[in-house]
1. Using alpha carbon centroids, what distance separates region 112-140 and region 194-239, in Å?
2. With loop defined by DSSP as not H, G, I, E or B, and exposure as at most 11 other Cβ atoms within 10 Å, which is the longest segment of the chain clear of exposed GluC sites (Glu not before Pro)?
3. Remind me, relative contact order of the chain in percent, using alpha carbon pairs under 8 angstrom and six or more residues apart?
4. With a Förster radius of 22 Å, plug the Cβ-Cβ distance of residue 344 and residue 218 into 1/(1 + (r/R0)^6) and report the FRET value to the nearest 0.05.
5. Run through region 34-68 and list the trypsin sites (Lys or Arg not before Pro) located in a DSSP loop whose Cβ has at most 15 other Cβ atoms within 10 Å.
6. Which order do peptides 104-116, 256-268 fall in by mean Cβ count within 10 Å, highest first?
7. Lys and Arg at +1, Asp and Glu at -1: add these up for the other residues within a Cβ distance under 9 Å of residue 51 and post the number.
8. For percent of Cα pairs over 34 Å apart, one of [x] 38; [y] 27; [z] 65 was computed from the structure I shared and the rest are decoys. Which label?
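Just so it is clear, none of the values below were taken in a lab; they were calculated from the coordinates. Keep in mind the model is a prediction, meaning the values are calculated, not measured. Every residue, glycine as well, gets a Cβ built from its backbone with ideal geometry; the counts of neighbours run over all protein chains shown.
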Amino acid sequence: MNPWRNHLVTGLLIGFLSACGGEKPQQGPPPAAEVGVITLKTQPVTLSVQLAGRTRASLQAEVRPQISGIVLERNFAEGAMVQEGQQLYLIDPAPFEADLDRAKADLAKARANLKTAKNRADRYANLVAARAVSQQDYDDALANFQQAQADVATAQAAMETAVINLDYTKVYAPITGLAGRSTVTVGALVTANQGDPLVTLQQFDPMFVDVTESSRALNQLRRDWASGALIKQDSAKVKLYFDDNDLYEHEGTFEFADINVDTGTGTFTIRTAFPNPDSVLLPGMFVRAELVRGVVPEGLLVPARGVTRNAKGDATVMVVNNDKVEQRVVQVEQMVGQDWLVRQGLAAGDKVILEGLQFIRPGVPVGTVREVKSSPDPKG
């Protein structure tokens, strides 16, 4: 083998081993990072909450008969709109017409007896003054007259009752609304005040939406209002979302909060009302209502992409402080759109890092700092 070649190989091997076993060259300070930040500023922030609930007709009437009889007619179409006062059913009126005729006859008889009793009482009043009849005879005539007056009043009441019962043979709609399925057909026997309604009428415009909230949340909300942390908004509109997250086109209004708390669930009911001109909302639908809790007068919003969690689960952000990266533990309350509402840990004027987070760590210097939009550009 060539000696010169052996010498060359030996020298290269020694140099390689020396390089591997020697001291590593000292690294210089990390280069200053380029980051994109957003400078925080206070602003009024409207806080809302979405609560699940179901739709409920604003008016509902279960129509029941008030007399017994055979149904002769049904005068409406199932599923159609009926107007208040419209006749829905006709119950056989013949027995009630006969009762009315009998009551009229009894009234006429009572009035005739009253006339006779009055005349006798008047004559006896003159005779008893002339001592032509005894005081007892006069008292009896006067009592008969008063009895005749009572008989007329009784007959009058019986006739009015007969008129009312005859009118009850025509079943009218108590409200304007959509008619449901009729539970009886022509020829069916119905009874007064029966348990099953003949038909149910419902009014869908407006439509009520009843949602539930915990009493604990209500107490916290009242404390926030009292302390001024939230400003109450009584006239705020309510938004409605279907179960597929589609937004309902009309905004609603807050009606009232129930004064009773359910002892089993610890929740109370909140009622809202929504216009429903096209009958898009039907009773029993599962929906979510978004109600405004109030307005934070000086809120701080941090984009969600700038908030991370540490090993303890605390929310943290990276900020630029004295040209260095500083990690802050913050207290976030809730999401507002794509931003977190920060309660503690940040102040107006802080520069929160949104871009370049993968190239930094706490304590590294920051070179170029540029303002960015709170929401990323969809075009990149």
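1. Answer, in whole Å: 72.
2. Numbers: sites that count: 23, 78, 249.
No qualifying site falls inside 79-248, the longest such stretch.
3. Values: 714 pairs, mean separation 105.2, N = 380.
Result for the chain is 28 percent.
4. Details: r = 24 Å, r/R0 = 1.08.
Efficiency for this residue pair is about 0.40.
5. Values: sites: 41, 54, 56; in loops: 41.
Passing both the DSSP loop test and the Cβ count: 41.
6. On the way: 104-116: 15.4, 256-268: 11.0.
Packing proxy ranking, top to bottom: 104-116, 256-268.
7. On the way: positive: 288; negative: 213, 290.
Value of the local net charge: -1.
8. Step by step, percent of Cα pairs over 34 Å apart for this structure corresponds to label [z].
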